[in-house]
Amino acid sequence: MYTSFQDVIGLWPSPDAMAQEIGASLPAARKWKQRNSIPAEWWNDIVSAARRHGHLISVDDLAALAASKREAAA
């Protein structure tokens, strides 16, 4: 199970590798890791790319991470 967006980004050797695979900019992916957040508009691309590498993750998993992050900030 993934407990943070950093865990999800960690499925790749680096944020740069993830960015290249999903078509995001390198600076954006680095900031996502730093902020422990991935914008929702990238979730489908992340899920598809992770599954190509054999990682079972869903949009619902990412939504749960976002919800737990919001709860922790409240």
Compute the long axis of helix 43-52 from its Cα atoms, compare it with the longest principal axis of the Cα atoms of the chain, and write down the angle in degrees, 0 to 90, nearest 10. 50
Report, please, the projected area of region 1-70 averaged over directions, based on the convex hull of its C-alpha atoms, in nm². 4.0
Multiply the residue gap between residue 48 and residue 68 by 0.36 nm, knock off their C-alpha separation, and tell me the result in nm, one decimal place. 5.0 nm
CD proxy, 222 nm, the chain: helix-only mean residue ellipticity via -39,500 (n - 2.57) per DSSP H run with n ≥ 4, per residue, nearest 500, stands at -19000 deg cm²/dmol
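Each value in this text was obtained by applying a stated rule to the coordinates, not by laboratory testing. All figures in this text were calculated on a predicted structure; none of them were measured in a lab.
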